[in-house]
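Asks: Pasting in a structure now, in structure tokens, and then I'll have a few things to ask.
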Amino acid sequence: DVLEYKTLRYPGHVAIMKPIRELGLLVNDPIAVKGVQVRPRDVFIAAGRVLLAQPVGGDAFIAGGNVRINEKIAEGLFAAGANVAIEGDVGRHARVAGGDVSIARGVSVNGKATLAGGHVDVTGRVGKDLTIAADSARVNGQIDGSADISARHIEIGPDTVISGKLTYWSPQEA
């Protein structure tokens, strides 16, 4: 029940920690939600199956077995699950981990996308840099920045457009 804050210095650390602090997740102070006192870190979406079917005006923090995002998220997305499907636009960055992770065709992540999983599939658009760490990765969409991919199996599809550099690591030859 103790969340201990450590100072970490890596690119993006402040962007991750600032909303966590602003949401009250580093303290145990309760707040009133519809007349009931709850701690903010007790009310995040976490379930076996999560379907985000309403727009989110800020950041979304989601964890579950199967996570499906069907609506727009105005700010950042932080998600983890066995399967995470991004089928709605994300206004800023997406940081996602799961067994299967996907950004669907016609969907835009307007900032950076950092994706980790057993299988990662990107057929949508990433507005800045894309980073993938996976067993298998498939990219067949538009990347408006650079792409950095580390995977045992990598597929770059015919519809892929990468505006920046493509850097990859795989034990298999290109």
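The values are calculated or read from the model by the stated rules, or taken from the named source; none is laboratory data. As the structure is a prediction and not an experimental result, all values here were calculated from the model. Note: ideal-geometry Cβ built from the backbone for every residue, glycine included; neighbour counts use all protein chains shown. Keep in mind that these areas ignore ligands, DNA and RNA; they rest on the heavy atoms of the full protein, side chains included. Shrake-Rupley method; radii C 1.70, N 1.55, O 1.52, S 1.80 Å.
Asks: Determine whether residue 45 is at pLDDT below 85, closer than 25 Å to residue 98 by Cβ and either β-branched (Val, Ile, Thr) or surrounded by 12 or more Cβ atoms within 10 Å (Cβ to Cβ) (or both).
Replies: yes
Asks: Something else about it: Kindly check whether there is at least one residue in the stretch 95-108 that is under 11 Å from the mean Cα position of the chain (by Cα) and surrounded by fewer than 21 Cβ atoms within 10 Å (Cβ to Cβ). Let's see the steps before the verdict.
Replies: Taking the stretch 95-108 and keeping what is under 11 Å from the mean Cα position of the chain (by Cα), we get 95-98, 101-103.
Of the ones still in play, those that are also surrounded by fewer than 21 Cβ atoms within 10 Å (Cβ to Cβ) are 95, 97.
Yes, some residue in the stretch 95-108 is under 11 Å from the mean Cα position of the chain (by Cα) and surrounded by fewer than 21 Cβ atoms within 10 Å (Cβ to Cβ).
Asks: Ok, one more. With respect to residue 82, determine if the residue is farther than 17 Å from residue 132 by Cα, part of a strand (DSSP E or B) and open to solvent by 30 Å² or more (accessible area, probe 1.4 Å).
Replies: On the way: farther than 17 Å from residue 132 by Cα: no; part of a strand (DSSP E or B): yes; open to solvent by 30 Å² or more (accessible area, probe 1.4 Å): yes.
It is false that residue 82 is farther than 17 Å from residue 132 by Cα, part of a strand (DSSP E or B) and open to solvent by 30 Å² or more (accessible area, probe 1.4 Å).
Asks: Pick from the stretch 68-94 the residues that are within 9 Å of the chain's Cα centre (by Cα) and among the small types (Gly, Ala, Ser): which of them is nearest to residue 55 (Cα to Cα)?
Replies: 76
Asks: Identify the single condition in (1) in a strand (DSSP E or B); (2) over 19 Å from residue 55 (Cα atoms) that residue 128 does not satisfy, given that it satisfies every other one.
Replies: Among (1) in a strand (DSSP E or B); (2) over 19 Å from residue 55 (Cα atoms), the lone unmet condition for residue 128 is (1).
Asks: Could you tell me how many of the residues in the stretch 134-149 are over 18 Å from residue 105 (Cα atoms) and either at pLDDT below 95 or touching a Gly at 6+ places or on another chain (Cβ under 7 Å) (or both)?
Replies: Final tally of qualifying residues: 3.
Asks: Additional query: Considering only the stretch 84-99, state which residues are of a type outside the set (A, V, I, L, M, F, W, C) and in contact with a Lys or Arg (Cβ under 8 Å, 6 or more places away or on another chain). If you could, list the steps in order and put the result at the bottom.
Replies: Quick first cut of the stretch 84-99, residues of a type outside the set (A, V, I, L, M, F, W, C) only: 87-89, 91-93, 95, 98-99.
Within the stretch 84-99, 87, 88, 89, 91, 93 qualify.
Asks: Tally up the residues in the stretch 97-111 that are part of a strand (DSSP E or B) and either among the charged types (D, E, K, R) or at pLDDT below 95 (or both), please.
Replies: First, the residues of the stretch 97-111 that are part of a strand (DSSP E or B): 97-103, 108-109.
Adding the requirement that they be either among the charged types (D, E, K, R) or at pLDDT below 95 (or both) leaves 97-100.
Number satisfying all stated conditions: 4.
Asks: Looking at 70, 66 in this structure, which one is more than 23 Å from residue 164 (Cα to Cα), without any contact (Cβ under 8 Å) to a residue 40 or more places away in the chain, among the polar types (S, T, N, Q) and crowded, with 17+ Cβ neighbours inside 10 Å?
Replies: After ruling out the rest, the residue left standing is 66.
Asks: Which of the numbered conditions does residue 88 fail, given that it passes all the others? Conditions: (1) under 17 Å from residue 57 (Cα atoms); (2) assigned to a strand (DSSP E or B).
Replies: Against the list (1) under 17 Å from residue 57 (Cα atoms); (2) assigned to a strand (DSSP E or B), residue 88 comes up short only on (2).
Asks: Then there is this: Output the number of residues of the stretch 138-174 satisfying the condition of being within 20 Å of residue 100 (Cβ to Cβ), touching a Lys or Arg at 6+ places or on another chain (Cβ under 7 Å) and assigned to a strand (DSSP E or B).
Replies: Summing the residues that are within 20 Å of residue 100 (Cβ to Cβ), touching a Lys or Arg at 6+ places or on another chain (Cβ under 7 Å) and assigned to a strand (DSSP E or B) in the stretch 138-174 gives 1.
Asks: Hey, another quick one. Looking at the stretch 112-123, is at least one residue at pLDDT below 95 and in contact with a helix residue (DSSP H, G or I) (Cβ under 9 Å, 6 or more places away or on another chain)?
Replies: Scanning the stretch 112-123 turns up no residue that is at pLDDT below 95 and in contact with a helix residue (DSSP H, G or I) (Cβ under 9 Å, 6 or more places away or on another chain).
Asks: Let me ask you something else. Would you say residue 135 is in a strand (DSSP E or B), under 25 Å from residue 59 (Cβ atoms) and without any contact (Cβ under 8 Å) to a residue 40 or more places away in the chain? Break it down into steps so the answer makes sense when it comes.
Replies: Numbers: in a strand (DSSP E or B): yes; under 25 Å from residue 59 (Cβ atoms): no; without any contact (Cβ under 8 Å) to a residue 40 or more places away in the chain: yes.
Spelling it out, it is not the case that residue 135 is in a strand (DSSP E or B), under 25 Å from residue 59 (Cβ atoms) and without any contact (Cβ under 8 Å) to a residue 40 or more places away in the chain.
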